[in-house]
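Notes to accompany the following structure.
Each value in this text was obtained by applying a stated rule to the coordinates, not by laboratory testing. Please read all numbers here as calculations on a predicted model, not as lab measurements. Here the Cβ positions follow ideal geometry from the backbone for every residue, glycine too, while neighbour counts run over all protein chains shown.
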Amino acid sequence: MYLPDAFRLSDRATLLAQAEAYPFATVITLGEGGLAVSHLPLLVDASRDLLRGHLARENPQLAHLAAGAEALAIFHGPHGYVSPSVYTEQPSVPTWNYVVVHARGRSRLVDERALRGILDEMVEHFDTTGWRLQAPPEFVRAKLGAIAGFEIALEHLEGKWKVSQNRSLTDQERVVAWLERGDESSRALAALMRARLEDQRRGRE
């Protein structure tokens, strides 16, 4: 990833928190047959430095994960267009602000018990209705047999926070105001930028 120093974020806790907040990841591997890509929700296990998930057994990427391929998981955070009209410095050009986390490490498959644990944890985490899997054993076995669980070791973690740090504080405030008038993703990015600016102000006090 192209990562100028101005946009680099290395704080591990912040990166993992961002991955947890935006868990639907793009998982990329390279193995027999070339590149493979899947889009999957992933659980962040910070205590064991792992990402955990599952995919269909018919997915060709399964062969890469089973072989222990290095995997790259990309967690896409909020993003939005920034108009040059908001800048005090002119002339200027448009840009796109965004937040992204890259997690990379070796993969491995897990056994059926660990797979069931992944599924139960995902349901508990994402299903706010309180629904839990309660079904006849043969139904559960059939469903588990159609998928495979995996883990990705968190060996390398990096983040890119492209949030107008290269502009003046006045322009950053104007960008926040611009994004607050945008779509849901733009507003989420504005909130992240505003929190960052407030942290900077407190640091100077």
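Using 1/(1 + (r/R0)^6) with R0 = 35 angstrom and r between the beta carbons of Ala66 and Arg8, what's the FRET efficiency to the nearest 0.05?
Details: r = 34 Å, r/R0 = 0.96.
For Ala66 and Arg8, the calculated efficiency is 0.55.
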Report summary line: Expected sort for Leu144, Leu169 with the fewest Cβ neighbours (10 Å cutoff) up front is Leu169, Leu144
Query raised in the report: For the residues Val176, Val86, what sequence is obtained by ranking on other C-beta atoms within 10 Å, fewest first?
Result: Val86, Val176
Query raised in the report: Just in the stretch 106-187: which GluC sites (Glu not before Pro) are loop by DSSP and have at most 16 other Cβ atoms within 10 Å?
Result: Glu155
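Can you pull out the trypsin sites (Lys or Arg not before Pro) in the stretch 99-205 that DSSP calls coil and that have at most 16 other Cβ atoms within 10 Å? Show your work: numbers first, answer last.
Values: sites: Arg104, Arg106, Arg108, Arg113, Arg116, Arg132, Arg141, Lys143, Lys160, Lys162, Arg167, Arg174, Arg181, Arg187, Arg194, Arg196, Arg201, Arg202, Arg204; in loops: Arg132, Arg167, Arg181.
For trypsin sites (Lys or Arg not before Pro) across the stretch 99-205 that sit outside H, G, I, E and B with at most 16 neighbouring Cβ atoms in 10 Å, the list reads Arg132, Arg181.
For n ≥ 4 DSSP H runs only, could you compute -39500 (n - 2.57) per run for the chain, divide by its residues and tell me the 222 nm figure to the nearest 500? Mind showing how you got there, number by number?
Numbers: 6 runs with 73 residues, N = 205.
Per the formula, -11000 deg cm²/dmol.
Can you list the trypsin sites (Lys or Arg not before Pro) in the stretch 33-68 that are in a DSSP coil and have 15 or fewer other beta carbons within 10 angstrom?
Arg57
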Report task. Please work out which option in [x] 19.5; [y] 18.4; [z] 19.0 gives Kirkwood radius over Cα pairs in Å calculated from these coordinates, and answer with its label. Result -> [z]
**Report entry** Residues with amide H under 5 Å from that of Gly77, placed H, sequence gap 5 or more
**Finding:** Val99, Val100, Val101
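With +1 on each Lys and Arg Cβ and -1 on each Asp and Glu Cβ, and nothing else charged, work out how big the dipole of the chain is about its Cα centre, in Debye to the nearest 20.
Numbers: 24 positive and 27 negative charges, 41 e Å.
That gives a dipole near 200 debye.
How high is the relative contact order of the chain, in percent, counting Cα pairs under 8 Å that sit 6 or more residues apart?
About 25 percent, as a whole number.
With a cut-off of 8 Å between alpha carbons and a minimum separation of six or more residues, what is the relative contact order of the stretch 1-94 in percent? If you can, show how the numbers build up before the last one.
Numbers: 101 pairs, mean separation 25.1, N = 94.
Here the relative contact order equals 27 percent.
Quick check on the stretch 1-49: take the gyration tensor over C-alpha atoms, sort the square-rooted eigenvalues as a ≥ b ≥ c, and tell me if it's rounded (a/c under 1.5), prolate or oblate.
Numbers: a/c = 2.24, a/b = 1.31, b/c = 1.71.
Judged from the Cα gyration tensor, the stretch 1-49 comes out oblate (a/c at least 1.5, b/c at or above a/b).
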